[in-house]
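What follows draws every value from the coordinates through simple rules; no lab data is involved. All values reported here derive from a predicted model rather than from experimental measurement. Using ideal geometry, Cβ is built from the backbone for each residue, glycine included, and neighbour counts are taken over all protein chains shown.
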Amino acid sequence: MKAVLVFTDQFIADMHRRFAAKPATHREDIYFVATSSERSGLRQWIEQAVARVPEPGRTKLISRLQADEHFINTLNELAVGSVLQSVGGEVLYEHEVEGMTPDWYVTGGDNNAPLVVEVWNKNHAQKRVWG
């Protein structure tokens with residue numbers, strides 16, 4: 001059995017403690033993903049996708065996925081990272097490049113140039129300037 005990285009028993013218990021008594025309209029998205037049996041497939045995909053991310057990015061990714069205010073944006077970043085992993089090369093999360101940390105950095109394999117990817121979420125747009 002693979003180790004649980006994101007949806008640990010402690011994390012799920014914390015979600016129940018913080019949100020179970022609140023009306024559904026006042027619960028964060030992470031609560032439903034972490035606790036609903038209908039979302040077990042998504043939890044499994046998240047765990048598998050996170051496990052494929054090398055350290056130190058994996059620890060950063062887990063921390064952001066477990067934060068209410070970052071969950072949806074980070075889930076979107078993880079989806080993009082998963083697509084990038086299918087292309088090849090090493091895919092690194094928030095790897096420092098010239099003093100900046102793009103969401104994804106894909107090493108150049110087979111004589112290809114490296115790729116820098118910043119995921120922009122329309123609903124929570126943050127201004128970033130890449131020079």
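Rounded to the nearest 20 debye, the dipole magnitude of the chain is 460 debye, with +1 charges on Lys and Arg beta carbons, -1 on Asp and Glu beta carbons, and the Cα centre as origin.
Neighbouring Cβ atoms within 10 Å as the yardstick, rank K60, K2, K22 fewest first.
Final ranking by Cβ density, sparse to dense: K2, K22, K60.
Rg and Dmax of segment 9-124, based on Cα coordinates, read 15.8, 55 Å.
So for the chain, taking the charge dipole from beta-carbon charges (+1 Lys/Arg, -1 Asp/Glu), which of T8, A20, H95 sits furthest toward the positive end? Ranked along the dipole, the leading option is A20. Take the Cβ-Cβ distance between D68 and N112 as r, set R0 to 30 Å, and report the resulting FRET efficiency rounded to the nearest 0.05. With a Förster radius of 30 Å, E is 0.20.
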